[in-house]
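As structure tokens, the structure follows; a few thoughts come after it.
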Amino acid sequence: MMIKDDQHYHNIQSWVQKFEQSLSQLDRNENEKAQNNPQLREAYRNGIQRKLDDLRKEMQEYETLTSHNPKIPLVLNLEDINDLPLLLIKARMAAKLSQKELADLAGLEETQIQEYEEKDYDTASFVDVMSVFYALDINVQKGEFLVPLDTLRRTPITKEELLSKTH
């Protein structure tokens, strides 16, 4: 998951506070809970802490993107082609462009950009993705793609397989 706007950011802040309160309450009640089932308590606490860490990381990424100086180029890494939609959203946010401004630059409608970002560009055509890519003036450096010819599949991929690989 990725924080895509201020409203989502504020919702995440609220969840962080709730998780912090849960951890604090759990720590205050440690003795009585630990007597009943210390392993269960520890697993529960670890789960809350992991989720809290994930949310804080998402908040930090959002803060970094939205506070980035637009006069300084931003380097975003793409480890998996399925992450290209997130890269486009991050680039828009760092450029401090609204969805309407990006739509105007890409020759698209604002409602299209809104839908594309809401659905992580799942509904966008290749041409629309490339329009956004070029509107954001994204340059690819050192792009390497591995094509494992010796293990290339020789059977058609099903729609279900494709969807499971992208999510």
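Computed quantities for the displayed model
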read-out: Using alpha-carbon coordinates, inclination of helix 126-135 to the longest axis of the chain, degrees; value: 90 degrees
read-out: Close Lys-Lys pairs in the range 38-116, where close means Cα under 23 Å and separation is 8 or more or interchain; value: 7
read-out: Rounded tilt (10° steps) of 38-67 against the dominant C-alpha axis of the chain; value: 40 degrees
read-out: Shape call, the range 6-67: gyration tensor on alpha carbons, a/c limit 1.5; value: prolate
read-out: Cβ-based exposure ranking for Tyr62, Tyr134, Tyr9, in which fewest neighbours within 10 Å come first; value: Tyr134, Tyr9, Tyr62
read-out: DSSP-assigned coil residues among trypsin sites (Lys or Arg not before Pro) in the range 133-167, each with at most 13 further Cβ atoms within 10 Å; value: Lys142, Arg153, Arg154
read-out: His10/Lys142 FRET efficiency (R0 45 Å; Cβ-Cβ; nearest 0.05); value: 0.75
read-out: Cα-projected label distance for Arg56 with Ile157, points at 7 Å along beta-carbon direction, nm; value: 3.7 nm
read-out: Qualifying GluC sites (Glu not before Pro) for the range 59-115 [loop in DSSP, other Cβ within 10 Å: at most 16]; value: Glu79, Glu109
read-out: Nearest-20 debye value, the chain charge dipole, Cβ charges on Lys, Arg, Asp, Glu; value: 460 debye
read-out: Separation of alpha-carbon centers, the range 129-167 and the range 102-120, rounded to whole Å; value: 21 Å
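Only the coordinates and a few stated rules stand behind these numbers; no lab work does. Small disclaimer: the values here were computed from a predicted structure and weren't measured. Neighbour counts run over all protein chains shown; Cβ positions are idealised from the backbone, glycine included.
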